[in-house]
């Protein structure tokens, strides 16, 4: 289960926004996060967000398009922070550790991210459009780079694609998922962590 929007990794120089538009966007995202924490994803609506934020409904619709757009924007913002940890954070997730350790750390961090964002990712699906295949761009590029550094392994591209699917499969969006913070959720995360470590160690060691 990955973010369900287009690639977050930027290409080219982004077009600037007006200062008031940026302020409104940040205010709306903060408000949406507060509503999400207090009420759950199912209670967050376009009208409710506009009322809670003290902004006109037109502003919310222009910013997000529809309800799913609210959650896509939340995912995008959190995805960018996650990518920064991967690209410039401390090892083993960030640079400085051996490739195998970074692969294990990346999978574990990604699993935690996806579990934490499960409800948001489901809500980010636009029911009027085909079910997306996720956005594997960052994961696939990162895994491929680490595989290349790990040593002589045949078919890096195919292997990176398969490992990415193990982390980013959109089918997980439709499986039952334990509530965050419960014992079952912790056991699920631990099981997936151990499975990822086993997979990488069997493959590369």
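FYI, it's all coordinate maths here, none of it is from the lab. Computed from a predicted model, the values in this text were never measured in an experiment. Neighbour counts run over all protein chains shown; Cβ positions are idealised from the backbone, glycine included.
The distance between label points at residue 157 and residue 101 comes to 3.2 nm (points 7 Å beyond Cα on the Cα→Cβ vector). Size descriptors for segment 12-65 (Cα atoms only): Rg and Dmax, in that order, 12.1, 38 Å.
The simple spin-label model puts a point 7 Å past each Cα toward its Cβ; for residue 194 and residue 145 those points are separated by 3.2 nm.
The calculated FRET efficiency for the pair residue 201 and residue 87, based on their C-beta separation and a Förster distance of 30 Å, comes to about 0.80.
For the pair residue 21 and residue 66, a Förster radius of 22 Å applied to the C-beta separation gives a FRET efficiency near 0.75, rounded to the nearest 0.05.
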